[in-house]
Amino acid sequence: MQQPLAPAQREAVLRVVAANRSRPGALIEILHGVQAELGFIPAAAVPVLAEELNLSRAEVHGVVTFYHYFRHAAPGRQIVRVCQAESCQAMGAEALTAHIKQRLGVDFHQTTADGEFTLEPVYCLGNCACSPAVMKDEEICGRVTPERFDDLLAQWRRKS
Amino acid sequence: MSIDIYVPRDSGALSLGAEATAQAIAKEAKARNLDVRVIRNGSRGMYWLEPLVEVATAGGRVAYGPVQASDVPGLFDAGFHTGGKHPLGHGVTSELPFLKSQQRLTFERVGITDPVSVADYVAHGGYQGLKQSLKMSQAEVVQAVSDSGLRGRGGAAFPTGIKWKTVLDQKAAQKYVTCNADEGDSGTFADRMLMEGDPLMLIEGMTIAGLAVGATQGYIYLRCEYPHAYKVLNEAIAAAYQARYLGADVMGSGRRFDLEVRLGAGAYICGEETSMLESLEGKRGEVRVRPPLPAIKGLFGQPTIVNNVITLASVPVILAKGAAFYRDFGTGKSRGTLPIQLAGNIKRGGLVERAFGLTLKELLYDYGGGSATGRPLRAVQVGGPLGAYIPASQFDVVVDYEALSAIGALLGHGGIVAFDDTVDMAKMARYAMEFCAVESCGKCTPCRIGSTRGVEVVDRIIQGIDTERNVRLLEDLCETMLQGSLCGLGGMTPFPVTSALKHFSEDFRNRARGLGHDERRV
């Protein structure tokens, strides 16, 4: 059974819809807004959005699932994205990725047991002259060696 | 008299600590009772020197880099705020060989100005193109773009003027100008640098386009992996509205042009123009069948210009200085300048804007300084994940549309990713297929399923299973994808795969013999 939206979640969804209703073709903008508020797109938000925007559930579900950025479950408090694309591969992204997975004890799309970090792959951060690149939330980091990652991780843990 | 110190807010500089550096400079200046103004500019595109701090002096701007926050007290001790000597000093920025030899038209102001200051933009020649275009008829503006020889810098290299003329010729109540800022190709970052370093130039280009074809609404479709560009663009758009360069009365002309940024959501395919339009409409980014062309039936079914960031940002200079000025740069059918991005395993990575005509060798060694690791360069991939791999034996090729095409490669968006001799090209071929499998929109079977099968076939080759048969199967699969896909994702993923097979056959064929990485090459 699908979890119904909590009242606060429903309110957040409706607030985002209201703020964007007059913008043409705004479903993706609305989904960005919902994810910014709730951290993910709950399955139960789909029928609410469909109803509000006069779309079918299938249309909304189709969009939510098409885009890699939209998540279907609550993530950790911080999100770490590691670039997997060619430029970063040329500078050791494969070894870096293995190191990060080992350090965090998770694979891609998983969250650490303490709920702190979710690890995601990303395909290019546009920081290809400073490869390999990692992004933590919106903080971008370049020339990330395993040692530098450990330093960054210690900083991120302190901030949490 | 205050001292102007520039610290970039470009993502690349931020990724190396520019924020902490900027804060340290402000703090140290205050502690020393110095009247310092810290200006957050774009990047000069010399990423091995980032964070690159510049100090304005009577003799021009002086560069120091890479400057970490911990270097700041020492720099002040050495009097860097008056251009003093320091081991991190490089002298006058514009005299650095990497910059001095460039011909920066599109990147003229990037790294020079405060990106969100309209006054700074205008003081450095901004909005001259729009001003000129307002004195011309719509057809004359479109003609000037045609005459300049400008071709789409996103990768497809379609003549921009023809696109604009098609939109101009349509009768419609509403037309659109859309900017494709879904710069997803690995090794490319010119769009990002421009949006973070001189967003007003893009805004001016889009405004000229809108007024020229009769479109009152513009959208910038920006990938969500660029949160810093998103901030800068929105600040710049707000500043342009404030100064009445956007809105109901553009530069007092009585004509309207509105502009907003829309975020993508992590789908590579949305860099394909029809997929981008679907996404802008709030739908799944599935590729549309053409015809109809977007210029005739584009966004919300209306006539729409779809151009890349660099294409639109090239427009102001064409209008300001004339089509002939722009056309006189370049060679053959590749006119104007090209911002090349040096990336991957390269000592001096960054942005090189020059007229077409440089060879790969000049770019990789004269500008790039060879590999970052100090090992020999073995291969480069030009034009993103759908571009061919080029072996060292072909580094003499000229980097323009036609010359690259003649050797089965493509220029794309001008990104060059360098690999040293530790690269395993069978793994890179596998990655090309894997990337296509992750990013396929699912519409065409050869792309959606073929890419997954491609990963499996390359895996068997890597394991040394039935090599010759699997190589033939891989070639056959590539042919099917090439012929049977609507857009470039499925249709061009074969390029990196087949070029790797062709030029680096030993990485595929010698695996069955159980040889190590270096032994395979003998």
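Restricting the first member to region A:120-134 and to residues that are within 7 Å of chain B (Cβ to nearest Cβ) and without any contact (Cβ under 8 Å) to a residue 40 or more places away in the chain, and the second to residues that are buried (at least 24 other Cβ atoms within 10 Å of the Cβ) and charged (D, E, K, R), the beta-carbon pairs closer than 7 Å and six or more apart or on different chains are A:Gly126/B:Glu183; A:Gly126/B:Arg192; A:Gly126/B:Glu225. On the stretch given as region B:239-277, residues that are of a type in the set (Gly, Ala, Ser), part of a loop (DSSP other than H, G, I, E, B) and at positive phi total 2.
Can you pull out the residues in region B:415-437 that are over 16 Å from B:Pro496 (Cα atoms) and either away from chain A (no Cβ under 13 Å) or without any contact (Cβ under 8 Å) to a residue 60 or more places away in the chain (or both)? Hit for region B:415-437 is B:Asp421, nothing else. Every test in (1) more than 22 Å from A:Glu116 (Cα to Cα); (2) out of contact with any Leu (no Cβ under 9 Å at 6 or more places or on another chain); (3) within 12 Å of another protein chain (Cβ to nearest Cβ) is passed by A:Leu31 save one, and that test is (2).
Considering every residue within region B:328-338, establish whether at least one is at positive phi, assigned to a loop (DSSP other than H, G, I, E, B) and out of contact with any strand residue (DSSP E or B) (no Cβ under 9 Å at 6 or more places or on another chain). Spell out the reasoning first.
Just the residues of region B:328-338 that are at positive phi, to begin with: B:330, B:332, B:336.
Keeping just the survivors that are assigned to a loop (DSSP other than H, G, I, E, B) gives B:332, B:336.
Within this subset, residues satisfying the condition of being out of contact with any strand residue (DSSP E or B) (no Cβ under 9 Å at 6 or more places or on another chain) are B:332.
Yes, because at least one residue in region B:328-338 is at positive phi, assigned to a loop (DSSP other than H, G, I, E, B) and out of contact with any strand residue (DSSP E or B) (no Cβ under 9 Å at 6 or more places or on another chain).
Search region A:82-129 for residues being assigned to a loop (DSSP other than H, G, I, E, B) and small (Gly, Ala, Ser), and hand back the single one that is surrounded by the most Cβ atoms within 10 Å (Cβ to Cβ).
Taking region A:82-129 as the starting set, the residues that turn out to be assigned to a loop (DSSP other than H, G, I, E, B) are A:84-85, A:90-92, A:105-109, A:112-116, A:123-127.
Among the residues that remain, those that are also small (Gly, Ala, Ser) are: A:85, A:90, A:92, A:105, A:113, A:115, A:126.
Values: A:Ala85: 30, A:Ala90: 30, A:Gly92: 18, A:Gly105: 12, A:Ala113: 10, A:Gly115: 13, A:Gly126: 33.
Result: A:Gly126.
The single condition from (1) at pLDDT 95 or above; (2) in contact with a strand residue (DSSP E or B) (Cβ under 9 Å, 6 or more places away or on another chain); (3) of a type in the set (A, V, I, L, M, F, W, C) that B:Val142 fails is (2).
Taking the options B:Asn234, B:Asn180, name whichever one is in a helix (DSSP H, G or I), in contact (Cβ under 8 Å) with a residue 24 or more places away in the chain and touching a strand residue (DSSP E or B) at 6+ places or on another chain (Cβ under 9 Å).
Unique residue meeting the criteria: B:Asn234.
The criterion of at least 3 residues that are under 18 Å from the mean Cα position of the chain (by Cα) is met by the following strands (runs of 3 or more DSSP E) wholly inside region B:342-460: B:350-355, B:377-382, B:415-420.
From the list B:Gly264, B:Gly252, B:Gly282, which one is free of Cβ contacts under 8 Å to residues at least 40 places away in the same chain and under 22 Å from A:Leu53 (Cβ atoms)?
When all the criteria are applied, what remains is B:Gly282.
Tell me, please, whether a residue that is assigned to a helix (DSSP H, G or I) and touching an Asp or Glu at 6+ places or on another chain (Cβ under 8 Å) can be found in region B:464-480. No; the residues of region B:464-480 include none that is assigned to a helix (DSSP H, G or I) and touching an Asp or Glu at 6+ places or on another chain (Cβ under 8 Å). The set of residues in region A:135-147 being closer than 20 Å to B:Arg348 by Cβ and more than 8 Å from chain B (Cβ to nearest Cβ) consists of A:Val144, A:Thr145.
The values are calculated or read from the model by the stated rules, or taken from the named source; none is laboratory data. Just so we're clear, the structure is a prediction, and the values are computed from it rather than from any experiment. Neighbour counts run over all protein chains shown; Cβ positions are idealised from the backbone, glycine included.
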